[in-house]
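Every read-out reported here was derived from the displayed coordinates using simple, explicitly stated rules and does not represent laboratory data. Predicted model, so just to flag it, every value in this text is computed and none were measured. All Cβ positions, glycine included, derive from the backbone under ideal geometry; neighbour counts span all protein chains shown.
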Amino acid sequence: MLKMSSAVRTMTAVGAVALLASACSSSGGTAGTSGSSGNSGGSSSSGSAAATGPSWCGSKKISLGLTDGFGGNSWRLVTTASAKAEVAKCKSVTSFSYADGQGNVQKAISDIQGMVAKGVNALVVFPDAGKAVLPALRSAYKAGVVTVPYRVDPGGQDGVDYTKWIGADFANDGKNWANWIVKNLPSGGNILFLSGPAGNSQGITEGKAMHQVLDPTGKYKFVGAQPFEVTNWDPSLSQQVLSADIAKYSKIDVIVSDFGPSLVGALPEFEKSSRSIPALVTSDGNSLSCFWEDHKAKNPKFKLFTVATGNDNARLAVQWAIAKATGGTPPTDTQFEAPVFEDSVSGTPHPVTCNRGLSGDVYLSAQLPGAQQAALFNK
Amino acid sequence: MNDQTTLTAASATAMALSGISKHYDGVAALTNVDLDIRCGEVHALLGENGAGKSTLMAVASGAIAPDTGTVSIGGNEYTRLTPVQATQLRIAIVHQHPAVMPDMTVAENIRTAVPAAYLEHPDGARRAMRAMLDDVGFLPHLEDRVGSLTIAQKHLLELAKALVTRPSLLILDEPTAPLGQESVDLLFERVRSAAAQGTAVVYITHRLAEVRALADRVTVLRDGEVSGSAAAGDVTDDELLALIVGRKLERTFPPKCDPAAATDEVLAVQGLSGDGFHDVSFTARRGEIIGIAGIVGNGQSALLHALAGLSSSDGTIRIGDRRYSRKQLRHRSGYLPADRHRDGLMMSMSVRENAALSALGQFRRGPLLRPGLENRAVSRELQSLAVKTPSQEALVSALSGGNQQKVVLARALMSKPAILVADEPTQGVDVGARAEIYRILREISAAGVPVVVASSDAKELEGLCDRVIVMSRGSAVETFEGTAITEQALVHSAVRATGHRREQVRAGRPSSSALGRFVTGDYAPVIILALVMIALGAYVLSRNDRYLSAFNITSVATSCAALGFIALGQTVALLVGGIDLSVGPLAGFMVVVGSFFLGDGKSGPTMLLGLLLMLASGIGTGAVNGSLIRFARFTPVAATLATYIGLQGLSFLLRSVPGGPIGSTVTDAVTRRIGPIPLSFLVMVGLALVLEAVLRYRRTGLKVRAVGSHEESARKVGVRVTPTVIGAYVACSTLVFLGAIVLLAQLGIGDPSQGTSYTLTSITAVVLGGTSLAGGRGTFLGTVLGAGLIVQVLNATVFLNLTQTWQYFFQGALVVAAAVIYSQVRRTGRAVR
């Protein structure tokens, strides 16, 4: 009996460990958007002079911290590496440290506070949890640290809760997409729009911008759930949603998505039902570009237009943080505008660019060279 | 002899049971039983296994409600007693299986079971406890963990707890079974002196020698009825035996083997000793069935386990001309366990799967099974055993008891065993199937496979066996052969045995060392954790002297406060033997609720209302969790998982997107500091100290741990289990409320997706703190340190610039190390005898 009960205890303990271990590794949570479109613009303001350093790099020596709410996918790896590369351009930054919130808001908060306690002078934060990390950002700012949250809106105000929020101009993306649609499908048609989690501000902003351009023409109709089909930016959910819509709507003339590579799995459904893949207006990704090359011959209506996915948003945030902390000149941009990247019709600024030597997870629109991105995934 | 001698007409009746009947599933356990117990007498209650003695005493002590009949005490009549009433009426029972909580110390067990009034002593309660234990010859230290005591020591503890209340009625259920001679003498002396002081004593026993030594009167039960009652001096042993035996059972047995034909020896057991039996020797010839008789719990099952190779033993076992090791026996024996539901069958699997399990090796082709071969073999076996089943694929749980037993038998036979060992093979089997099982056992034996059968039914052994060994207290006391095997002789031998357990002669032991008690105690993890935290802190400080900056202390202590409160709540749930998965979503839900009331510009009453609603949602959640577990019989995991999901849904229902900023008046109040240390952290630590004191020194705390340690024992000693469990979950949720207030200030907004991570983090903190996931033992202080360590580690990963991989490894390694170390330490504690 005694043996029994101690055995049971051991079993229980082992079970607990397994439970906890799985908890540690699954880190999920709703935080952590995977990839999403945005702007790069890094090329426009990355500075120039190599000897003296870019203009945003002042003379004061600083240490800089970067914290992520969730750092566990390829888009994030590229983004973090981009930020690091940008930091390396400024010799005034004497130390750089990075922490991954692992999808756990408590850890994200602890990371921000830990960075402050450790004595960083500038802190760049990807605030995945949004407003829930605002108090932590505020405490960092109040402690005298140059605090620059980027991309996700944490609420609050510049100069009160943090130094400067470097968002992305999602309305610009919507406008670029809509303009391309007007130009290339002048006779109008049905539009299917997919974005991330229900009610996410990025999707809503993009949708509004598109409507502003398209509605006055009276020739375009949005089909599917409004304001957008919910995909959580999750490739498997995207595939389910898109497959269902392909079956439901016999006429889809253009698909708009703010995470292009996630659609690759479902697009062949068109071919299976003997329909051409329609025009696709989205953000870039190597896998998507290669998919277009493979399928363009069989699908006469398959035109592709992409804006840069926003890895380089991090570069602008880093520039701002360093400029503010070192006494450099901040960039003029306060928001990232994603440049147009590929256009299969006009070939400008780039034709569709597929590099088969690199992983499908590579984003060729990012400043970070493709080969360096691929090396990140092989670590 | 049936006429009751009015020996002491003058002495008052302590308890009168009249017309007591009790049925279980239509089977009568007691039928119209009358029993008078008088003050100052020792009344022996005799009868075979299953005669109804323990059931009758369970009625007398309030553990069981009778179907009909009344209990009269001191002029009051009760149709049923509750355990609480029984305690108030000073009815004390010493259970056959001691009602003790293994995770608690000797002193805590006493304080839980014995009202404080009985522990008054000029030099304090501890002195009173020591005195009552010395009185029964119990030697271990008051701070020894009861789980580490021997069975005999637990019995003495149980006896001491009963005697100290100076009971008006003392019931002893086979008290001498595990005791050595020395302790038995002491026990008799105590029983006599209690009776001399006017206590009525009911003494349940199987042993006539004890009746002679102690009893004034004796009542015999047979098949749930009183078969006789008399003054002990007026009946002879033979008359008592006649009353005990003679159960009315109709059945047919196959003819026994011809002793002249049986010549070659197929089984020889020599000097076999093991845990629970010692020095047993016997032989069997071809065609003979060996019976093992004796009162239940005298080493029969342990002997069978050894014969089947299921437990280790010394001595030799030869089958045919070959000696078998334990491992060989395990592979080559067919074993029919007594509890076939628990040990013998996979109830949710088919008849075929159950039958073929131990013979699968024969149906193999490479790594795969050949279903055809398996089906044919199973079908052949089922046919030869005449198993009545709709098909091979029917679930075994759908069969009758007899057919289930035959499936177990089929499995044993399909593995072509060298020896067949059957423990109570016909228990719960109908008459028809019994006869067939007897026939099958005979056939197996005739084929040259030795068959050993243990049974508590002497009549069965008489009919079935060619040789019977009677066991008493682990020894073979007598062997019967051929026509000498009669029910009368077997029962006689068993009840007359006077031997006492050998290996437990020493009921006491020298007190354990103080160091040993500390290492196996609850506070060892606290010290270990504190050392780890100091070491980690010193290392980080050596790398970065800003580690102890005011900002870092504030932020770490704030995080620790939020997690600490929630983990304290989780500790309560784990102590009571449950778990609360809903703490994380509950904290998040409370923040969402609060976000509607605690914004800037809200009035004082509105804010107060918000706080009350948060608290109410906590109390409600705790009540729902506790009720689902106690009344709807959910497991704690299922119940709290249901509320986990429900609360998350509610959060999203109230706020689909984050909103409702928390006002600065609230956040300022919550984040107020004394120096660098947040007030919330100080409150959390203070509360942990208070809870710790309650857990150790107040009955409330003892009750929580008693229920978590051993629910059945806790109920027997008078703890009201259901209110305790529900109260524990409510306490858990209330502590989560305090954590939610800190979280509220930390997040600053009502975000429906927040909080869930606290479920696992809080469990991690509690496990690190050394609280047992199985319930019953742990400390709040350990939990606070566990929470502190988790927060410290998160903080340290930033200071040390650890890579992501190492951040995961670091946390995981800590938890694994804690779980392994603590379980090892406790196992050592249990092994030390």
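Some notes on this structure:
- Net charge dipole size for the protein assembly as shown [Lys, Arg +1 and Asp, Glu -1 on Cβ; Debye, nearest 20]: 2060
- Which of B:SER582, B:SER311 has the fewest Cβ neighbours within 10 Å, and the rest in rising order: B:SER311, B:SER582
- Couplings 3J(HN,Hα) for segment B:808-813, derived from phi with the Karplus relation 6.51 cos²θ - 1.76 cosθ + 1.60 (θ = phi - 60°), are 5, 4, 4, 5, x, 4 Hz, where x marks Gly and Pro.
- Exposure proxy ranking, count of Cβ atoms within 10 Å, fewest first, for A:HIS211, A:HIS350, B:HIS278: A:HIS211, A:HIS350, B:HIS278
- Around the amide H of B:ARG673, modelled in the peptide plane, lie the amide H atoms of B:LEU679, all under 5 Å away and 5 or more residues distant in sequence or on another chain.
- R0 of 60 Å, Cβ-Cβ distance B:LEU613-B:GLN362: FRET efficiency to nearest 0.05: 0.35
- Under a 5 Å amide H cut-off, with hydrogens placed 1.01 Å from N, B:GLY228 pairs with B:VAL220 among residues at least 5 apart or on other chains.
- A helix-only calculation puts the protein assembly as shown at -14500 deg cm²/dmol for mean residue ellipticity at 222 nm, using -39500 (n - 2.57) for each DSSP H run of at least four residues, averaged over all residues.
- Cα gyration tensor shape of segment A:177-254, rounded if a/c is under 1.5, else prolate or oblate by comparing a/b with b/c: oblate
- Placing a pseudo-label 7 Å from each Cα along the Cα-to-Cβ vector at B:ASP135 and B:SER627 gives an inter-label distance of 4.4 nm.
- Cα-centred dipole magnitude for segment B:52-149, charges only on beta-carbon of K, R (+1) and D, E (-1), debye, nearest 20: 120
- Applying 1/(1 + (r/R0)^6) with R0 = 56 Å to the Cβ-Cβ distance of B:ASP185 and B:SER18 gives a FRET efficiency near 0.95.
- Ellipsoid semi-axes in whole angstrom, largest first, where each is sqrt(5λ) of the Cα gyration tensor of segment B:424-503: 25, 14, 12
- Scaled against the 2.2 N^0.38 Å expected of a compact globular protein of N residues, the Cα radius of gyration of segment B:634-698 reads 1.69.
- Averaging over all projection directions, the Cα-based convex hull of segment B:313-425 occupies 8.1 nm² in the image plane.
- Cα pair distances of segment B:52-104 binned at 5 Å [whole percent]: 5, 19, 28, 24, 13, 7, 3, 2, 0
- Computed over the Cα atoms of the protein assembly as shown, pair by distinct pair, the Kirkwood hydrodynamic radius stands at 35.8 angstrom.
- Counting only Cα atoms, segment B:238-325 measures 44, 35, 22 Å along its principal axes, largest extent leading.
- Projecting label points 7 angstrom from Cα along Cα→Cβ for B:MET347 and A:GLN372 puts them 6.5 nm apart.
- Angstrom value of the Kirkwood radius, inverse mean 1/r, which spans all Cα pairs in segment B:343-396: 11.6
- The ranking of B:ARG212, B:ARG517 by Cβ neighbour count inside 10 Å, starting from the fewest, reads B:ARG212, B:ARG517.
- The phi-based Karplus calculation (6.51 cos²θ - 1.76 cosθ + 1.60; θ = phi - 60°) puts the 3J(HN,Hα) values of segment B:736-744 at 4, 4, 5, x, 5, 5, 5, 4, 3 Hz, whole numbers, x for Gly and Pro.
- Using alpha-carbon coordinates, inclination of helix B:151-164 to the longest axis of chain B, degrees: 80
- With θ taken as phi - 60° and the Karplus curve 6.51 cos²θ - 1.76 cosθ + 1.60 applied, the whole-hertz 3J(HN,Hα) list for segment A:197-205 is x, 3, x, 5, 5, 4, x, 5, 4 Hz, x standing for glycine and proline.
- Here the simple spin-label model places points 7 Å from the Cα toward Cβ, and for B:THR82 and A:VAL345 these points are separated by 8.3 nm.
- Net charge dipole, chain B: roughly 2240 debye, given to the nearest 20, about the Cα centre with Cβ charges of +1 for Lys and Arg and -1 for Asp and Glu.
- For the segment B:801-807, counting C-beta atoms of other chains within 10 Å of every residue's C-beta and taking the mean gives 4.
- For A:ARG151, distant residues with modelled amide H under 5 Å away: A:ILE166, A:GLY167, A:ALA168
- Rounded, prolate or oblate (a/c below 1.5 giving rounded, otherwise prolate when a/b exceeds b/c) for chain A by Cα gyration tensor: oblate
- Taking the longest Cα principal axis of chain B as reference, the axis of helix B:780-799 is set at about 50 degrees.
- Two-site FRET efficiency, B:THR606 against B:LEU679, from Cβ-Cβ distance with R₀ of 22 Å, rounded to 0.05: 0.40
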